[in-house]
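Read the figures in this text as sums done on the coordinates, not as results from a lab. Computed from a prediction, not measured in an experiment: that's the story for all the values here. Using ideal geometry, Cβ is built from the backbone for each residue, glycine included, and neighbour counts are taken over all protein chains shown.
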Amino acid sequence: MAGYTNRLRVLFVSSEIFPLAKTGGLADVCSSLPIALTREGDIDMMLMMPGYDSVFEVIRDWDEIAVLPDLPGGPARLLLGTMPDSDLQIVLLDQPQAFRRPGGLYIDEHGKEWADNAQRFAALCHAAVELAMGRVLPYWRADIIHCNDWHTALIPVLLSAQPGRRPRTIFTLHNLAYQGLCPAELLGQLGLPESCFSFDGPEYFGQISFLKGGLVFADKLTTVSPSYAKEIASAEFGMGLEGVLARRKADLVGILNGIDDTVWNPRIDPALPGCYGADDLANKSECKAALQRDWGLETDIGAPLLVFAARLEAQKMADILLEILPELMARPRLQIAMIGQGAHDLQVGFAAASAQTPGRIAARIAYREDWAHQLLAAGDILLHGARFEPCGLTPMYAMRYGAVPIVRAVGGLKDSVTAVDEASLATGRASGFQFQAATAAGLLDAIDHALSLFSQRENWRKIQQAGMRKDFSWHRPTAQYRQLYDELAAVA
Ligand code: GLC
């Protein structure tokens, strides 16, 4: 039975894990990383997340392994199941009053944050500590807990108050913009001791910051690209936590995310009308023709098709894209196809632009996994603006699919896209376009640069193929995580 071996035992906790629940890249990484870690290293891995409705739609067999009567937000059960298409075990926090509601994972049907988000994710953290300390499964206690983003950031804080031998912790920052801030009065409800409410804990300008707690108490910190790791030490990108991060500099490393090559692979993708690879791109045109037909764009296979697939929010510069749409329509034959949900005014704006410009702009105000695959397969260019970007998976997926990305030169985008310039073109390394200024002019210049190369068929093909052949596998990143795990275990 699992646990009776000497293998390293890792509890990997996240608020979202693909394909069980997803709002963004966090979910993709929190399935593909633990799967790759288990495959490449000898690890006894256990996943943990909340039991949203969508999870029960995917996994139907669960065993109750514990009843926890006193969590923040009320009683809950822990359920043990197995991930689809793998033998990874997963523990679910089943607290229906907190997690089984209509609406999103973090927001209600009207886009408002759930008022009890702090209690919901504090419950997840308490439950994770119980499991990791060996108080749930008699045969399983964790050597290491791998926490992800603010929802799990109280785990290191709570552990620090546990007597005796405790698991070591690693905290991965996927996005510093979401911090889990709540009023200090909630301290008791969240099950936090008064003593932790200090400068050396989750206290942040008189409030409780989950994220700060994790940054202070975790044994090791990682973030999802080397460039973002550097950027967040500055006031421009540190989101008010640059001071805390500077103090933890020696324990912080940037590890560029990989991608799941079975889910994102145009050679075998079941969502596509035709499969293709770097050596044979013929079917990519078929994907484009199908999308033009199905999404009501003009049938024009030679027209440059620009695609966008991201949350409609300022981080992704969606506001600037909306602003420049009229100007983009002045570019001959240019077509735009996009998906995404987010800020209400942006949703309305893109829907209106699409209705006013049929045949040239197709906007679907929703996120669907199969649409994302079809867009990248059909697209010539992916537009991925960003005011900041910890890693940015969509441009990596796009490169895999031969959609050449235009990205802002920040964070993981800088690390994953090799910018087109004379030298990189000549050596066949160029895989996309980078721009500096987060402005309409910056974006337009980059789009014009891309369009000028698009008309040079041979160069364009070289850029596409360089992107398709880039190594975004988890091989290298998992070795880096494994090294951190081993360092932690060695001093446990
Ligand atoms: C967050 C970040 C994104 C990153 C993803 C996975 O969604 O915003 O940049 O790629 O997490 O780590």
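A few comments on the model shown:
- Long-range HN-HN contacts of Cys391 with modeled amide H, under 5 Å: Gly412
- Each of Met329, Met49 was scored by other Cβ atoms within 10 Å of its Cβ. Arranged with the fewest first, they read Met329, Met49.
- Spread over its residues, the convex hull of the C-alpha atoms of the stretch 274-374 is 104 Å³ per residue.
- Between helix 475-490 and the chain there is an angle of about 20 degrees, using the helix long axis and the longest principal axis of the Cα atoms.
- Rounded to the nearest Hz, the phi-derived 3J(HN,Hα) couplings of the stretch 181-198 under the Karplus curve 6.51 cos²θ - 1.76 cosθ + 1.60 (θ = phi - 60°) are 8, 8, x, 4, 4, 7, 2, x, 4, 7, x, 9, x, 3, 4, 7, 7, 9, where x marks glycine and proline.
- Calculated FRET value between Arg135 and Ser160, using beta carbons and R₀ = 30 Å, to 0.05: 0.95
- Rounded FRET efficiency, nearest 0.05, which uses the C-beta distance separating Met239 from Glu458 and R0 of 30 Å: 0.10
- According to the Cα-based calculation, Rg over Rh for the stretch 68-218 is 0.95, with Rh computed by the Kirkwood formula.
- Around the amide H of Ala66, modelled in the peptide plane, lie the amide H atoms of Leu78, all under 5 Å away and 5 or more residues distant in sequence or on another chain.
- Peptides 134-147, 229-242 ranked from most to least packed, by the mean per-residue count of other Cβ atoms within 10 Å: 134-147, 229-242.
- Rounded tilt (10° steps) of 440-454 against the dominant C-alpha axis of the chain: 60
- Over the chain, DSSP H runs of length four or greater, each weighted -39,500 (n - 2.57), average out per residue to a 222 nm ellipticity of -10500 deg cm²/dmol.
- Cα-based helix-to-principal-axis angle, 344-356 vs the chain, degrees rounded to 10: 20
- Student exercise, the stretch 282-468 dipole from Lys, Arg, Asp, Glu Cβ charges, in Debye to nearest 20: 340
- Cα convex hull of the stretch 282-468 - mean projected area over all directions, nm²: 9.2
- With 0.36 nm allotted per residue and the present C-alpha distance subtracted, the Arg293-Gln356 stretch has 20.9 nm of extension available.
- For Phe171, residues with placed amide H under 5 Å, excluding near neighbours: Cys147, Lys220, Leu221, Thr222
- Whole-Hz ³J(HN,Hα) from phi, Karplus 6.51 cos²θ - 1.76 cosθ + 1.60, for the stretch 389-404, glycine and proline x: 7, x, 10, x, 7, 4, x, 5, 4, 4, 4, 4, 9, x, 9, 6
- Taking a ≥ b ≥ c as the square roots of the eigenvalues of the Cα gyration tensor, the stretch 392-432 is oblate, since a/c reaches 1.5 or more and a/b is not larger than b/c.
- Scoring 198-205, 168-175 by mean Cβ neighbours within 10 Å over their residues and listing the highest first yields 168-175, 198-205.
- Along the stretch 406-413 the Karplus relation, 6.51 cos²θ - 1.76 cosθ + 1.60 evaluated at θ = phi - 60°, assigns HN-Hα couplings of 10, 10, 7, 7, 9, x, x, 5 Hz to successive residues, with x for each Gly and Pro.
- Bins of 10 Å, starting at 0 and running to the largest distance - Cα pair percent for the chain: 4, 20, 29, 26, 15, 6, 1
- Between Ala490 and Ala423, residue separation times 0.36 nm minus the direct Cα-Cα distance comes to 19.6 nm.
- Sorted peptide list for 254-267, 391-404, 357-370, criterion being average Cβ within 10 angstrom, highest first: 391-404, 254-267, 357-370
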